Amino acid sequence: MRMVSSSSAPGAYAYPLLIKQLLLRAMAVSGAQEIVSGPDFRMTYARFGERLGRLANALASRGVREGMRVGVMDWDTHRYLECFFAVPMMGAALHTINVRLSPAQVLYTINHGKPDIILVHRDFMPLIEEIRPGFERDVIIVPIGDGEGYETLIDAAAPGFDFPDFDENRMATLFYTTGTTGAPKGVSYSHRQLVLHTLGLVAGFGAESGDAGVNRNDVYMPLTPLFHVHGWGFPYAATMLGVRQVYPGRYAPDAILRLIAREGVTFSHCVPTILATLLDHPDCARTDLSRWKVIIGGSALPRGLQDRADAAGISLCAAYGMSETCPFLSVADLNGGTPDSRAHSGYPGPLVDMRVVTPDMRDAPRDGETTGEVAVRAPWLAQGYLDDDEASGALWKGGYLHTGDVGYLRADGSLQITDRLKDVIKTGGEWISSLSLETIVSTCPGVEEVAAIGRPDEKWGERPVLVVRCTEGADPDHVREAALSQIRAKVAVGELSKWAIPDAVLFREALPRTSVGKLDKKALRQILLDDADGTS
Ligand code: AMP
């Protein structure tokens, strides 16, 4: 629906904010720029533009119309990027299916999200065959082989497609939260929200000092799965700017490092685990990473990992957000060198109204220490969960989106996340930040990875316990001693309460992960409960 003000000239174009307009600059100025995908595929932006028309015609010939939903199950490829644009530009919604959920959860998201058609890479066909008997409605499955089927589809289709104008509030994308608490929940974004998010992202990152922003000299490669919050929205931003892009396909550390070197990648984003996996790979030492800037988000960056990345010459930024916030909320350049600039959840992006509130929605003082729940408004926040009024109401209680994260604001307006509400360790009357314990212990020699969790305790409610994965060859007794003495030292200088000293330091060979590679504390708590004596 067009809103035309009384002063609009006859014929004035009301310019709905549509995803197709993100392409205007790229097509005008970057026609010869390249988009690379995996080891063998490359195309120019001009060709990319033409292929979007072909993809739309191919989908239309299979019955896709405005208002329908198109699912995708693929690795991070140029095909996915093409779907990011062509599907919403047709007026359909793109359902990015999280292929790393359990089969039962994938089935749930398909039945709940109701895609009319799903493009499926060969690697996910066995999964589709397994869950297909549970489909609650007809879904057209389009196998795209190892990509060659997709190429046939593109080649056989006519090139031109007249992408229409429509209401900017139409649903453009749909995906599901990663489901660490209960069933995955559907989150959707409109064209208007995605366009504003893209502009907000570029403006917010560009406003940071140092290397945070993207510019025309950058070479971009996503390392957050494209099914997860549209790869944090960066593929839209990189395409709008017309920069050179590199898609890694299935994540394999050696292939990613090769692509970074061969294509001169300068800009990526990922959760800490992916960065750790790359730094752990033997090829890493042979790869020049000194031009690479990496946005870390999705979890706090452990200090030990930050030190390793610094040593490799990587330039780091921290960003904070969540599935329900499209996701961008805040960003910080971590290269300032001062203690404060090293542990930071960022400055709010443009148009972001960020508060830290008490349970009755009063603002906590911006004093750099009083914590509360982070509550936000921005033009790109999910307006609720798909078909779930109760959860939607809780998300937006009091007119602000409740992030479920605990943190504080500093006087300069920057945010520090101290924990997730459900991960805070509540011992006696004290709230202990699991993140602060992890940050301290992550720098101890012999610690590869650490999680601090609350173990149920009859007297205190919960007591802190550390679960550590050691580096190869490390002696657990030494690691335990080092971890506890670091924590005691912080208690001695008053930086931690004495209740933060863990009751136990346990060791595991692997820590459970969510479908997007984050530490899964809910699963870890369950493992420790199942293994009640907790020793290893
Ligand atoms: P998801 O919706 O799966 O992307 O997870 C979002 C959650 O990840 C947030 O609610 C935070 O708990 C956590 N998170 C994201 N970014 C950061 C960050 N920079 N520091 C600490 N936690 C973060």
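The values are calculated or read from the model by the stated rules, or taken from the named source; none is laboratory data. In this text the structure is predicted, and so the values were computed from the model without any measurement. Cβ placement follows ideal geometry from the backbone for every residue including glycine, while neighbour counts extend to all protein chains displayed.
Quick one: would you say Ser268 is buried (at least 16 other Cβ atoms within 10 Å of the Cβ), within 16 Å of the ligand (Cβ to nearest atom) and among the hydroxyl-bearing types (Ser, Thr, Tyr)? Yes. Total residues in the range 426-440 satisfying the condition of being within 11 Å of the ligand (Cβ to nearest atom) and in a strand (DSSP E or B): the figure is 0.
Inclusion of Gly321 among residues that are in contact (Cβ under 8 Å) with a residue 40 or more places away in the chain and either within 14 Å of the ligand (Cβ to nearest atom) or in the same structural domain as Lys518 (by TED's automatic domain parsing) (or both) is warranted.
Scanning the range 473-494 for residues that are touching a residue at least 12 places away in the same chain (Cβ under 8 Å) and acidic (Asp, Glu) yields a single hit, Asp475.
Among the residues of this structure, Leu279 counts as one that is over 27 Å from Val29 (Cα atoms), surrounded by fewer than 21 Cβ atoms within 10 Å (Cβ to Cβ) and touching a helix residue (DSSP H, G or I) at 6+ places or on another chain (Cβ under 9 Å). Report whether or not Ser299 is surrounded by fewer than 22 Cβ atoms within 10 Å (Cβ to Cβ) and within 16 Å of the ligand (Cβ to nearest atom). Taking the combined requirement at face value, the residue satisfies it. In the range 329-338 there is at least one residue matching the filter, namely being polar (S, T, N, Q) and at pLDDT 95 or above. Among the residues of the range 356-390, those that are outside any loop (DSSP other than H, G, I, E, B), surrounded by fewer than 18 Cβ atoms within 10 Å (Cβ to Cβ) and in contact with a strand residue (DSSP E or B) (Cβ under 8 Å, 6 or more places away or on another chain) comprise Val357, Asp363, Arg377, Asp388.
Has the range 513-523 got at least one residue that is farther than 30 Å from Thr224 by Cβ and surrounded by fewer than 16 Cβ atoms within 10 Å (Cβ to Cβ)? Checked against the condition, which is being farther than 30 Å from Thr224 by Cβ and surrounded by fewer than 16 Cβ atoms within 10 Å (Cβ to Cβ), the range 513-523 yields no hits at all. If the condition is being within 16 Å of the ligand (Cβ to nearest atom) and in contact with an Asp or Glu (Cβ under 8 Å, 6 or more places away or on another chain), then the range 443-453 contributes Val450, Ala451, Ala452, Ile453.
Do we find that Ser330 is more than 23 Å from Thr443 (Cβ to Cβ) and either within 16 Å of the ligand (Cβ to nearest atom) or outside any loop (DSSP other than H, G, I, E, B) (or both) in this structure? Criteria met by Ser330.
Kindly indicate whether Thr109 is within 16 Å of the ligand (Cβ to nearest atom), surrounded by 13 or more Cβ atoms within 10 Å (Cβ to Cβ) and assigned to a helix (DSSP H, G or I). I'd like the intermediate steps shown before the answer.
Values: within 16 Å of the ligand (Cβ to nearest atom): yes; surrounded by 13 or more Cβ atoms within 10 Å (Cβ to Cβ): yes; assigned to a helix (DSSP H, G or I): yes.
Taking the combined requirement at face value, the residue satisfies it.
Leu201 meets the stated requirement of being in contact with a helix residue (DSSP H, G or I) (Cβ under 8 Å, 6 or more places away or on another chain) and either within 26 Å of Ile97 (Cβ to Cβ) or crowded, with 19+ Cβ neighbours inside 10 Å (or both).
Yes or no: Val356 within 16 Å of the ligand (Cβ to nearest atom), on the phi < 0 side of the Ramachandran plot, among the hydrophobic types (A, V, I, L, M, F, W, C) and under 19 Å from the mean Cα position of the chain (by Cα)? So Val356 fails the test. Among the criteria (1) part of a helix (DSSP H, G or I); (2) modelled with pLDDT of 95 or more; (3) crowded, with 16+ Cβ neighbours inside 10 Å, the one Val72 does not fulfil is (1). Could you list, in sequence order, the residues of the range 201-230 that are within 16 Å of the ligand (Cβ to nearest atom) and at negative phi? Across the range 201-230, the qualifying residues are Leu201, Gly204, Phe205, Glu208, Ala212, Pro222, Leu223, Thr224, Pro225, Leu226, Phe227, His228. Scanning the range 458-470 for residues that are assigned to a strand (DSSP E or B) and surrounded by 15 or more Cβ atoms within 10 Å (Cβ to Cβ) turns up Glu462, Arg463, Pro464, Val465, Leu466, Val467, Val468, Arg469, Cys470. From the list Asp423, Asp475, Asp412, exactly one residue is out of contact with any strand residue (DSSP E or B) (no Cβ under 6 Å at 6 or more places or on another chain) and within 15 Å of the ligand (Cβ to nearest atom). Which is it? Every option except Asp423 fails the conditions.
Report, by residue number, each residue of the range 478-530 that is among the basic types (Lys, Arg), away from the ligand (no atom under 16 Å from the Cβ) and out of contact with any strand residue (DSSP E or B) (no Cβ under 8 Å at 6 or more places or on another chain). Within the range 478-530, Arg488, Lys490, Lys498 meet the criteria.
Listed here are the residues, each with its yes/no results for (1) in contact (Cβ under 8 Å) with a residue 40 or more places away in the chain; (2) out of contact with any Ser or Thr (no Cβ under 7 Å at 6 or more places or on another chain); (3) surrounded by fewer than 24 Cβ atoms within 10 Å (Cβ to Cβ).
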position	(1), (2), (3)
Ala156	yes, yes, yes
Pro159	yes, yes, yes
His197	yes, yes, no
Asp218	yes, no, yes
Thr239	yes, yes, no
Pro253	no, no, yes
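Set side by side, the residues Thr198, Thr178 differ, and just one is within 14 Å of the ligand (Cβ to nearest atom), in the same structural domain as Thr277 (by TED's automatic domain parsing) and under 18 Å from the mean Cα position of the chain (by Cα), which is Thr178.
A quick yes/no check of all residues on (1) closer than 27 Å to Ser190 by Cβ; (2) under 21 Å from the mean Cα position of the chain (by Cα):
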{"position": "Arg79", "(1), (2)": "yes, yes"}
{"position": "Phe85", "(1), (2)": "yes, yes"}
{"position": "Lys114", "(1), (2)": "yes, no"}
{"position": "Glu130", "(1), (2)": "no, no"}
